[in-house]
Amino acid sequence: QVQLAESGGGLVQPGGSLRLSCAASGSIFKAYIMAWYRQAPGKQRDLVALITSGGSTNYAGSVKGRFTISRDNAEKTVYLQMNSLKPEDTAVYYCYASSDLGVYWGQGTQVTVSS
């Protein structure tokens with residue numbers, strides 16, 4: 001069983017930065033594909049960024065160049081550095097993990113971008 005715990009959300013002004021963290025349990029974290037999704041009110045949950053076990057990354061077009069996903073296998077943690085935040089980035093951000101054992105979600109953390 002894998003458990004994911006997000007942290008780092010909050011209220012930030014447009015143009016500001018936040019770093020989200022997702023701490024994972026499990027002894028084979030390095031084998032997981034990790035990702036961040038987000039869901040705004042009334043909208044579907046969409047992929048924001050993904051990182052493979054080998055460190056390859058993929059980003060949604062709307063965040064490319066502003067957000068950076070990274071992972072620390074020793075700490076079993078994945079990060080999402082968010083810069084130049086815009087009001088349209090406001091959403092609940094969810095951590096996601098996928099391996100041969102299954103698919104797992106965190107409980108979500110709220111990010112609000114507003115002046």
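Around the Cα centre of the range 1-90, unit charges on the Cβ atoms of Lys, Arg, Asp and Glu (plus for the first two, minus for the last two) sum to a dipole of about 120 debye. Connecting C-alpha atoms closer than 10 Å in a GNM of the chain, tell me which of LEU80, LEU101, LEU20 has the biggest fluctuation. Of LEU80, LEU101, LEU20, the most mobile in the Gaussian network model is LEU101. Dipole orientation for the chain: of the candidates GLY55, GLN1, VAL113, VAL113 has the Cα lying most toward the positive pole (charges on Cβ; Lys, Arg +1; Asp, Glu -1). Remark: the range 49-109 carries a charge dipole of roughly 140 debye about the Cα centre, counting +1 on each Lys and Arg Cβ and -1 on each Asp and Glu Cβ.
One decimal place: the segment THR68-GLN107 gains 11.9 nm when fully extended, by the rule 0.36 nm per residue minus the C-alpha distance.
How much net charge surrounds ILE51 when only other residues with a Cβ under 12 Å from its Cβ are counted (Lys, Arg +1; Asp, Glu -1)? Charge balance near ILE51 sits at +1.
Note on exposure: VAL103, VAL48 ranked by accessible area (1.4 Å probe, complete protein assembly) read VAL103, VAL48, with the most exposed listed first. Taken one residue at a time, the phi angles of the range 53-61 give Karplus couplings (6.51, -1.76, 1.60, θ = phi - 60°) of 5, x, x, 6, 10, 8, 10, 5, x Hz. Gly and Pro are set to x.
Take every DSSP beta bridge whose two residues both sit in the chain; close to 95 percent of them are antiparallel. In a DSSP loop and with at most 16 other Cβ atoms within 10 Å, the GluC sites (Glu not before Pro) in the range 1-88 are GLU75. With all protein chains kept in place, the per residue accessible area of the chain amounts to 52 square angstrom at a probe of 1.4 angstrom. Positive-end ranking of SER70, TYR32, TYR96 along the dipole of the chain, with charges on Cβ about the Cα centre, is headed by SER70. Contact order, relative form, for the chain: 36 percent (alpha carbon pairs under 8 Å, 6 or more residues apart, mean separation divided by residue count).
Loop only by DSSP, 12 or fewer other Cβ within 10 Å of the Cβ. Give me the trypsin sites (Lys or Arg not before Pro) in the range 1-88 that pass, ordered by residue number. Here the trypsin sites (Lys or Arg not before Pro) that fit, given the DSSP loop and packing criteria, are LYS43, LYS64.
The values are calculated or read from the model by the stated rules, or taken from the named source; none is laboratory data. In this text the structure is predicted, and so the values were computed from the model without any measurement. Every residue, glycine as well, gets a Cβ built from its backbone with ideal geometry; the counts of neighbours run over all protein chains shown. In case anyone asks, the SASA skips ligands and DNA or RNA and just uses the protein heavy atoms, side chains included. Shrake-Rupley method; radii C 1.70, N 1.55, O 1.52, S 1.80 Å.
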